[in-house]
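J.: Following this message is one structure expressed as structure tokens.
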Amino acid sequence: MSDLRKNIQVNPKSESLSIMQKQKMVIIGAGSIFFTRAVAIGMCQDHRFRGGTLALVDIDPEMLDVMSRLCRRIVATTGAELNVEATADRKAALRDANFVVLSFSKRGVDLRETDTVIPARYGVRQSSGDSIGPGGLFRAIRTIPTLLEIARDIEAICPRAWVYNYVNPSTVMGAALSRHTRLRSLAVCDGVLLPQTKLNLMERVGIPAAAIDEVTMKIGGLNHFSWVTEFRHGRRDLLPDLLRAIKAKPEAQADKAVEQILEIYGWYSPIGGHMVEFLPYFQGHGVKPEESYVNGIFEIQERRKWMREFNEEIRRQADGRDPIDKLVSETKPDLVIRLADSVIDDDGGWHYVNFPNHGNITNLPEGATIELPARIYADRYEGEIFGELPPVLRSWLLRVIDVQELTLEAAMTGSRHALRQALVADPMTVSIQDADRIIAELLSAEKDDLPEMWR
């Protein structure tokens, strides 16, 4: 990973963060049960945050109370020197922030149900519905105005803070932040982590972890649509070994789809459960679809059950009814903690993140939001130079980029023409008439949750 595109998104007024400085991290959307707990544990276990502050922001007072009590219990359990603040006033929380994490969502699971159930009536199968397709499109137009409102506050109150966006669709959100704000921002996702993804693949093909420096892995693409295009131990190509390993022990998600693409093209998808939404082959349109992989439809009842159980677990932990010692000792630092560590230490640590393409993937459009390894420093990041994508893979990504560009245009302008173009261009769309019906039904069903310009 020696070839880098340097000085991407450098803030000339920025200053390196001294480890002696008391760090403040703000989570906007702290009622999220997915990230807040892990961030709190990571901060408590990390000496860099000693004497610092974790500020929790949420507009749901009940969940804000639950998460603040849990975070304070984590602090007490670890004996960490960390202040926990909780407020619905994000402007107050943002004062003196070094890091801002965006993880907010409005009626997330309810709208995800609408985003997936209505399109399913027209044969559009979304197992996730948060990145592309009707689900990704409508999530973007609902969310980007709020994202930019928050960004304006950050620009006014703590313009030197690093902003890490966890909100999906990550690529479009990242593009909105990089093009329409002056912030130092990265769109992040924990679907692919470095070096864990590399180590996992090495284990699958029987290469010991101690040999990690002898193994090269070339990975890149778009969020939820990244690909391993090279995987070698010295001169030995490990991708055929990986295919044999997958045939012997299938992937946990979208097993047949991952196997088929690897067999045909020699590229591996590390997040197959998302990948299948970006390609038309897995929508069940074949004469014998059962011979391939047919994408499922988002399991709404399963998700509701899981969220109820997880929510109750969080409440028991916050109330002191469940022990948390094991949880604290076994939880690994969240990605944003690792990113913050690299910023504080100014160490150029490698992380897998989303940022604008500036010659990093040479045959994709300049400025398109891509996902690649990058070195993270106090005031900048330096994205790896991937080079050219293979021809077919390039065509897949170009189509998705076109959809995402139209999605961003629709979200910024309220253009129904751009909205229609985005869905018609989507890889899951096979009928213009059905796309029009999906748009009409979603606009009607979600009218109370959409910005004014869509009503």
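J.: What's the local net charge at R48, with K and R +1, D and E -1, over the other residues with C-beta under 9 Å away?
T.: On the way: positive: R50; negative: D46, D341, D345.
So the surrounding residues net to -2.
J.: If you take the square roots of the eigenvalues of the alpha-carbon gyration tensor of the stretch 246-378 and sort them as a ≥ b ≥ c, do you get rounded (a/c under 1.5), prolate (a/b over b/c) or oblate? If you can, show how the numbers build up before the last one.
T.: Values: a/c = 2.35, a/b = 1.14, b/c = 2.06.
Because a/c hits 1.5 or more and a/b fails to exceed b/c, the stretch 246-378 counts as oblate.
J.: Given 0.36 nm per residue, what is the gain on full extension from D65 to E230 after removing their alpha carbon distance, in nm?
T.: Details: separation 165, 0.36 × 165 = 59.40 nm, distance 4.71 nm.
Once the chain is fully extended between D65 and E230, it gains 54.7 nm.
J.: Under the definition of Cα pairs under 8 Å and six or more residues apart, what whole-number percent is the relative contact order of the stretch 380-436?
T.: Details: 35 pairs, mean separation 14.9, N = 57.
Relative contact order comes out at 26 percent.
J.: Also: Pulled fully out, how much extra length does the chain show between D436 and A210, if you take 0.36 nm times their separation in residues and subtract their Cα-Cα distance? List each step's numbers first, then the result.
T.: On the way: separation 226, 0.36 × 226 = 81.36 nm, distance 5.42 nm.
75.9 nm is the gain from fully extending D436 to A210.
J.: Within 10 Å of each residue's Cβ, count the other Cβ atoms and sort V109, V336 from fewest upward. Working shown, then result.
T.: Values: V109 13, V336 25.
With the sparsest Cβ surroundings first, the list reads V109, V336.
J.: Another question about this same structure. Classify the stretch 375-455 as rounded, prolate or oblate, taking a ≥ b ≥ c as the square roots of the eigenvalues of its Cα gyration tensor: rounded when a/c is under 1.5, otherwise prolate if a/b is larger than b/c and oblate if not. The partial results should precede the final answer.
T.: Working: a/c = 3.55, a/b = 1.56, b/c = 2.27.
The shape class here is oblate.
J.: Same structure again: For n ≥ 4 DSSP H runs only, could you compute -39500 (n - 2.57) per run for the chain, divide by its residues and tell me the 222 nm figure to the nearest 500? The partial results should precede the final answer.
T.: Details: 16 runs with 200 residues, N = 455.
For the chain, the value works out to -14000 deg cm²/dmol.
J.: Calculate, for K305 and E388, the FRET efficiency according to 1/(1 + (r/R0)^6) with r their C-beta to C-beta distance and R0 51 Å; round to the nearest 0.05.
T.: On the way: r = 45 Å, r/R0 = 0.88.
Result of the calculation: an efficiency of 0.70.
J.: Turning to a different aspect of this structure: Pull out the extension gain between E149 and I33, defined as 0.36 nm times the separation in residues minus the alpha carbon to alpha carbon distance; nm, one decimal. All intermediate terms of the calculation are to be shown ahead of the outcome.
T.: Working: separation 116, 0.36 × 116 = 41.76 nm, distance 2.31 nm.
Extra length available between E149 and I33 comes to 39.5 nm.
J.: Excluding same-chain residues fewer than 8 positions from K447, which lysines have a Cα within less than 17 Å of its Cα?
T.: Within the straight-line limit of under 17 Å, K447 reaches these lysines: K106.
J.: With helices defined as uninterrupted DSSP H runs, which ones in the chain have an alpha carbon span along their own long axis of at least 24 Å and mean Kyte-Doolittle hydropathy of at least -1.0? All intermediate terms of the calculation are to be shown ahead of the outcome.
T.: Working: long enough: 61-78 (26 Å, 0.24); 133-157 (35 Å, 0.49); 300-319 (28 Å, -1.99); 391-413 (33 Å, 0.60).
TM-like helix candidates: 61-78, 133-157, 391-413.
J.: How large is ³J(HN,Hα), in whole Hz, for each residue of the stretch 347-361 in order, when computed from phi with the Karplus curve 6.51 cos²θ - 1.76 cosθ + 1.60 and θ = phi - 60°, using x for Gly and Pro?
T.: Each residue of the stretch 347-361 in turn: 9, x, x, 7, 9, 9, 9, 10, 7, x, 6, 10, x, 6, 10 Hz.
J.: Can you give me the long-range amide H partners of V353? Hydrogens built in the peptide plane at 1.01 Å from N, cutoff under 5 Å, separation of 5 or more residues or another chain.
T.: Here L372, A374 satisfy the definition.
J.: Rounded, prolate or oblate for the chain? Axes are the square roots of the Cα gyration tensor eigenvalues, ordered a ≥ b ≥ c, and the cut-off for rounded is a/c under 1.5. Spell out each step's value before the answer.
T.: Values: a/c = 1.41, a/b = 1.17, b/c = 1.21.
Cα axes put the chain in the rounded bin.
J.: Read phi for every residue in the stretch 206-215 and hand back ³J(HN,Hα) as whole Hz from Karplus 6.51 cos²θ - 1.76 cosθ + 1.60, θ = phi - 60°, with x for Gly and Pro.
T.: Each residue's phi maps through the Karplus curve to give x, 9, x, 4, 4, 8, 4, 6, 8, 9 Hz.
J.: While we're on this one: Need one number: nm distance between label points at K326 and Y265, each 7 Å from Cα along Cα→Cβ, rounded to one decimal.
T.: For K326 paired with Y265, the spin-label model returns 4.2 nm.
J.: Moving to a separate point now. Could you work out the relative contact order of the stretch 317-455, using alpha carbon pairs under 8 angstrom and six or more residues apart, expressed as a whole percent? Working shown, then result.
T.: Values: 150 pairs, mean separation 19.3, N = 139.
Normalised by residue count, the contact order of the stretch 317-455 is 14 percent.
J.: On to the next question. Need one number: % antiparallel among DSSP beta bridges in the chain, to the nearest 5.
T.: Values: 27 of 51 bridges.
Taking every DSSP beta bridge with both residues in the chain, the antiparallel ones total about 55 percent.
J.: Still on this structure, I have one more. Can you compute the charge dipole magnitude of the stretch 45-104 about its Cα centre, using +1 on each Lys and Arg Cβ and -1 on each Asp and Glu Cβ, nothing else charged? Give it in debye, rounded to the nearest 20. If you can, show how the numbers build up before the last one.
T.: Values: 8 positive and 9 negative charges, 41 e Å.
Approximately 200 debye in magnitude.
J.: Can you give me the orientation-averaged projected area of the convex hull built on the Cα atoms of the stretch 70-204, in nm²? Walk me through the intermediate numbers first.
T.: On the way: hull surface 46.4 nm².
Mean orientational projected area (the stretch 70-204, Cα hull): 11.6 nm².
J.: Something else: What is the magnitude of the charge dipole of the chain about its Cα centre, with +1 placed on the Cβ of each Lys and Arg, -1 on the Cβ of each Asp and Glu, and no other charges, expressed in debye to the nearest 20?
T.: 300 debye
J.: Could you tell me the relative contact order of the chain? Use alpha-carbon pairs under 8 Å, at least six residues apart, and round to a whole percent.
T.: Values: 843 pairs, mean separation 96.6, N = 455.
Normalised by residue count, the contact order of the chain is 21 percent.
J.: Which ³J(HN,Hα) values, rounded to whole Hz and listed in residue order, are derived for the stretch 81-88 from phi using the Karplus coefficients 6.51, -1.76 and 1.60 in 6.51 cos²θ - 1.76 cosθ + 1.60 with θ = phi - 60°, glycine and proline given as x?
T.: The phi angles translate into 8, 9, 8, 10, 10, 9, 7, 8 Hz.
Laboratory data are not the source of any read-out in this text; all were calculated from the coordinates shown. The shown structure was predicted, so the numbers you read here are calculated from the model rather than taken from an experiment. When we count neighbours, we look across all protein chains shown, and the Cβ atoms used for this are built from the backbone with ideal geometry, even at glycine.
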